[in-house]
């Protein structure tokens, strides 16, 4: 069996006395599309933040392609090929849409913090940024400040800067939150298309989106994973139904 | 094939047109800088221009922190001052030709920026601002304690004509010094502009806008800030060297909090959101300073009021004020604004002048020699201890400001009118 893209072993996280993550073991294979679901306050976002380096776990190990990353700063984890989006839109509002994407490309394309290149003269860089804009259908908004885009467009831009660097593990935190049905459908297509051949991990509340996209689903309840399986198995799992899914599933049908 | 070639040709034309549009202001600026001493020949004007140029470099370097990096510093004078002090000592002790001195100033500015930036750029926001304030105080205190280097209260002096001549130029005249400063100002401004176009400059903007997001895209916010900080220190050091060349003396005043505060004011006045902002701020501020300080002893009060007014009414500075008119200009409707603006200017002018006279009378009463009741204002001599001048100026100020308030809706209406597009354009988009 190949090295998992992400492997968590006995991960704990407490804030003061409050135990938020209470011993999570999770293994996600390369190119798998994995959804993490669970009721509010289950610790989904915290788990995301532990994996992406926003917080260090209290104990346990987190491996990205077999290398331990727990406690490393976010930028180092990102440079090892993991990129995330945020639940609350998190872009560079005063910079142009194009500039947002181009900024996301500077490090991965090897320019790093160079002060001896002129960005406007780097045709390879600018073409790559335009290419990303085309993939997320924002070419027409290229030169607008990102802050004036519509909500759905900002979300698409967020996906764009998340995938721009070519990371092979993409983590999306509620990518369709607050969207209308048609916007969410569009977003699912976009996600499917831009994460082709990559490992995708997402937190999502919309069960339609989850069952539509995910190869496997983990259910997180009170800081523990109570099930991690294929969608139909999760759906049939009595523990899951009891804890969380029943009501939501009925609502989805 | 033909089509492809045409578009390619067009693209090239557009690209070169774009390049021209970027280069043109720089060429104009260079020509203007070089021509200035032929337009203004008096030595006092050249002195003012030298001071202006030094302030431009200093303000631009400050804006690398505030405008482009999102770092509010209360201690930027430290890097200019230290660069300047080292240069004065170099001028005294080593035979370095003057035109190369700013490089050394920059080097020392950079050195101290690396040392201090190593711990101060860890966080932005309040933490950074507080550390800069602390470091500023620390260095200012050192300047009084370490007399051997900082020269105590008298400061350190040097004679620029004692260093070896540079191709027969010994920089004894103000004009020669002007050209040295002008060339360095141009080079430094160009370098700072080009910095904004590099990956490091772009990421500095990204970190300013959203440091967390940048961190999750592979950029260390701390390192990005450190790079901007060091670059700003380098250019502040160059400004310090130019100061040393121009004034041949540096005192503790060059590194204290007042100077740090002044450069914040200059930059903000010009507009932090634009590259040209600090340049405009430096020009306006230096003019105000040199003209007002000759006319009145309370010029700092007026500058303070101007700063307050800028912060409250034009948070994007003078450049922002100009840039606001871009839409109206594009629509060709600037004319709509002329009459309301003139009215406003007249009313505001009356109010401001009258209020200034009122303040001057107050100052005269408090500070003139005992028994000296005669005061001259705008060619009029009167007794400042009678009630009429107070009533007259106070009343005129009130009327002026009341008129401003009265006229505000008219200006607002004209503004709205000027910013409404004439017609819906082709393609249905407004």
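Using the Stokes-Einstein relation with a Kirkwood hydrodynamic radius computed over Cα pairs, the translational diffusion coefficient of region A:194-239 at 20 °C and a viscosity of 1.002 mPa s comes to 186 µm²/s.
Note on region B:157-218: Cα-Cα pairs beyond 19 Å make up 57% of the total pair count.
Computed over the Cα atoms of region B:292-430, pair by distinct pair, the Kirkwood hydrodynamic radius stands at 17.9 angstrom. Spin-label model, residue B:372/residue A:193: points 7 Å from Cα along the beta carbon direction are separated by 8.0 nm.
By the beta-carbon count within 10 Å of each Cβ, the least crowded to most crowded order of B:28, B:365, fewest first, is B:28, B:365.
Could you order the peptides B:224-231, A:130-137, A:14-21 from most to least packed, using the average number of other C-beta atoms within 10 Å per residue?
B:224-231, A:130-137, A:14-21
Based on the Kirkwood approach, the hydrodynamic radius assigned to region B:339-389 is 12.3 Å, with every pair of different Cα atoms included. One Cα centroid belongs to region B:257-299, the other to region B:95-134; the line between them spans 22 Å.
Just check region B:97-171 against the gyration tensor rule for me: Cα atoms, a ≥ b ≥ c as the square roots of the eigenvalues, rounded for a/c under 1.5, and otherwise prolate or oblate depending on whether a/b exceeds b/c. Judged from the Cα gyration tensor, region B:97-171 comes out oblate (a/c at least 1.5, b/c at or above a/b).
For peptide A:50-57, compute the average count of partner chain beta-carbon atoms within 10 Å of each residue's beta-carbon.
Working: counts 0, 0, 2, 2, 3, 0, 0, 0.
That works out to 1 on average.
Sorted largest first, the principal axis extents computed over the alpha-carbon atoms of region B:319-358 equal 42, 21, 5 Å.
Please label the shape of region B:127-246 as rounded, prolate or oblate, based on the square roots a ≥ b ≥ c of the eigenvalues of the alpha-carbon gyration tensor (a/c under 1.5 means rounded; beyond that, a/b larger than b/c means prolate, else oblate).
oblate
In chain A, the longest principal axis of the Cα atoms and the axis of helix A:181-194 are about 70 degrees apart. Packing, taken as the mean count of other beta carbons within 10 Å per residue, orders the peptides A:39-47, A:67-75 from highest to lowest as A:39-47, A:67-75. Relative intensity of region B:20-171 on a log10 scale, I(q)/I(0) at q = 0.10, 0.12, 0.14, 0.19 Å⁻¹, equals -0.48, -0.69, -0.91, -1.29, per a Debye sum over C-alpha point scatterers of equal strength in the absence of solvent. Multiplying each eigenvalue of the alpha-carbon gyration tensor of region A:1-155 by 5 and taking the square root yields semi-axes of 33, 19, 15 Å, largest first, rounded to whole angstroms.
Under 4 °C and 1.567 mPa s, how fast does region A:13-66 diffuse according to Stokes-Einstein, given a Kirkwood radius computed over C-alpha pairs? Answer in µm²/s, whole number.
So the translational diffusion coefficient is about 105 µm²/s.
Dividing the Cα radius of gyration of the protein assembly as shown by its Kirkwood radius returns 1.06 for Rg/Rh.
Per-residue Cβ counts within 10 Å, from other chains only, averaged over B:201-213: what number is that?
Working: counts 5, 8, 7, 2, 5, 11, 2, 3, 10, 8, 0, 4, 14.
What the average comes to for B:201-213 is 6.
With a simple spin-label model that places each label point 7 Å from the Cα along the Cα-to-Cβ direction, the separation between residue B:43 and residue B:130 comes to 5.0 nm. For chain A, what relative contact order do you get, as a whole percent, if you take Cα pairs closer than 8 Å and at least 6 residues apart? Over chain A, the number comes to 25 percent.
With no solvent and one equal point scatterer placed on each C-alpha of region B:120-160, evaluate the Debye formula and give log10 I(q)/I(0) for q = 0.14, 0.28 Å⁻¹, two decimals. Each listed q maps to, in turn, -0.46, -0.85. Between the helical axis of A:97-106 and the longest alpha-carbon principal axis of chain A there is an angle of about 80 degrees.
Listed from fewest to most Cβ neighbours within 10 Å, the set B:333, A:13, A:239 follows the order A:239, B:333, A:13. Each 5 Å bin from zero up to the one holding the largest Cα-Cα distance in region B:181-244 carries the following percent of pairs: 4, 17, 24, 20, 14, 10, 7, 3, 1. Computed from Cα atoms, the angle from the helix A:151-164 axis to the main principal axis of chain A rounds to 80 degrees. Give me the Debye-computed log₁₀ of I(q)/I(0) at q = 0.18 Å⁻¹ for region B:214-339, equal point scatterers on Cα only, no solvent, two decimals. Scattering profile of region B:214-339, log10 relative to I(0): -1.14.
For chain B, what does the relative contact order come out to in percent, with C-alpha contacts under 8 Å and a separation of six or more?
This gives 21 percent for chain B.
Counting every alpha-carbon pair across region B:57-109, the share separated by more than 13 Å comes to 61%.
Using alpha carbons only, the radius of gyration of region B:25-90 set against its Kirkwood radius gives Rg/Rh = 1.07. Sorting B:120, A:120, B:73, B:220 from the fewest to the most surrounding beta carbons within 10 angstrom yields A:120, B:220, B:120, B:73. Mean partner shielding of peptide A:98-104, defined as the number of other chain Cβ atoms within 10 Å of each residue Cβ, is 4.
On the principal axes of its alpha-carbon atoms, chain B has extents of 72, 66, 47 Å, going from largest to smallest. Between region B:14-55 and region B:358-418, the C-alpha centres lie 37 angstrom from each other.
Readers should treat all values here as calculations from the given coordinates under stated rules, not as data from a laboratory. Please read all numbers here as calculations on a predicted model, not as lab measurements. Note that each Cβ is placed from the backbone with ideal geometry, even for glycine, and that neighbours are counted across all protein chains shown.
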